[in-house]
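Let me begin by presenting the structure, written as structure tokens, before commenting on it.
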Amino acid sequence: SSTRRPPQRSTTTFLQHQAKMTTDATTTTNEEEEVYDDTPSFIDMNSAVEVGDAAGGDDEMEQDDLMADDDDAKIASDVDAMEHADHRLQQPIIDQSKATFTTHSDAIYAISSHYNPTTHVLSIASGGGDDRAFLHHISSTSSAGTSTAQTKNSIPLTHSHTDSISTVSFNTPYITSDVSGTLQQNLLCVGSYDGSIVLYDAEFGGLVKVLEGPSDVEWCCFHPKGGTVLLAGSISDGTIWMYHIPSSQCLQVFVGHEQGVTAGAFTPDGKWVVSVGQDGTLRVWAPKTGMSRHVFRLMDG
């Protein structure tokens, strides 16, 4: 009978297997030594080497330095400019005006002027928060070979106001002769927040008349044909009043603005009245009927 034997392992294969096991054990031991090696590492400063930035770090540092230098230069320039400005502010202000009037004791709110080329006289009216109005004249005379000489004077207007002067206006540019050939009166109108409309002689400042009107006067203007019709507008009641000066009569009251009337005038041909108000409208009126012919709403609400 045959006997079954175990397979024989060759000597060469056994030796290879032993060598592999020895190598694996050595590798494992080395890995364990690396993993569990707690000994710290130190760098010898004598062997330290400066490492450059391959991305151009030196260039960036130089740019940063240049930017810092630019910032310093800008700051120095700004400081110099401020010092120069302070120096200019400390310098005295040179008054280059031709004439100065110091009649008012408070802020001036209204001014109007007219120059007469025949007499070489400049007339100026002013009114302000001191409840006063003044008429100023500047006259100049000159001859060949001589310099121009100026004289000036101020006339306090006499009506006693209880509130600020809001408007002043001359009719001088518009005056003509009446049907009899007589030249219409040369007038100055002064309006105030106390509601008074006062007319003065535009040359000498004498009181001519006081007109009754709205509760306050914001503006006034004369008709361009003759200067004998006057408009006056009110802020508080939103009305416009039209007067015939020779008769002292109120010819028309224009009603329609929902808030105060801030400005108004006759058209150049004198056929229409235009006005604007705090309600955001511009209105065109017919003087004879007092009716609003056109309304332009310039703002919503």
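The values are calculated or read from the model by the stated rules, or taken from the named source; none is laboratory data. Model, not experiment: these values are computed from the prediction. For neighbour counting, all protein chains shown are included, and Cβ atoms are generated from backbone atoms with ideal geometry for every residue, glycine included. Note: areas computed on protein heavy atoms with side chains; ligands, DNA, RNA excluded. Shrake-Rupley method; radii C 1.70, N 1.55, O 1.52, S 1.80 Å.
Go through segment 117-140 and give me each residue that's within 15 Å of Lys152 (Cβ to Cβ) and free of Cβ contacts under 8 Å to residues at least 60 places away in the same chain. Please lay out each step first, then the result.
First, pick out the residues of segment 117-140 that are within 15 Å of Lys152 (Cβ to Cβ): 119-126, 134-140.
Matches in segment 117-140: Thr119, His120, Val121, Leu122, Ile124, Ser126, Phe134, His136, His137, Ile138, Ser139, Ser140.
Could you list, ordered by first residue, the pairs with Cβ atoms under 9 Å in which the first is in segment 282-296 and touching a residue at least 24 places away in the same chain (Cβ under 8 Å) and the second is open to solvent by 50 Å² or more (accessible area, probe 1.4 Å) and among the basic types (Lys, Arg), at least 6 apart or interchain? From segment 282-296, the pairs are Arg283/Arg293; Trp285/Arg293; Pro287/Lys271.
Among the criteria (1) open to solvent by 10 Å² or more (accessible area, probe 1.4 Å); (2) in a loop (DSSP other than H, G, I, E, B), the one Asp279 does not fulfil is (1). Considering only residues that are under 18 Å from Ser164 (Cβ atoms), modelled with pLDDT of 95 or more and crowded, with 20+ Cβ neighbours inside 10 Å, which ones fall in segment 196-215? Result: Ser196, Ile197, Val198, Tyr200. Scanning segment 179-210 for residues that are within 17 Å of Leu251 (Cα to Cα) and more than 37 Å from the chain's Cα centre (by Cα) yields Lys209, Val210.
Matching residues to (1) in a strand (DSSP E or B); (2) crowded, with 21+ Cβ neighbours inside 10 Å; (3) among the polar types (S, T, N, Q); (4) at pLDDT 95 or above:
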{"position": "Val217", "(1), (2), (3), (4)": "no, yes, no, yes"}
{"position": "Pro224", "(1), (2), (3), (4)": "no, no, no, yes"}
{"position": "Ile240", "(1), (2), (3), (4)": "yes, yes, no, yes"}
{"position": "Phe254", "(1), (2), (3), (4)": "yes, yes, no, yes"}
{"position": "Pro287", "(1), (2), (3), (4)": "no, no, no, yes"}
{"position": "Gly301", "(1), (2), (3), (4)": "no, no, no, no"}
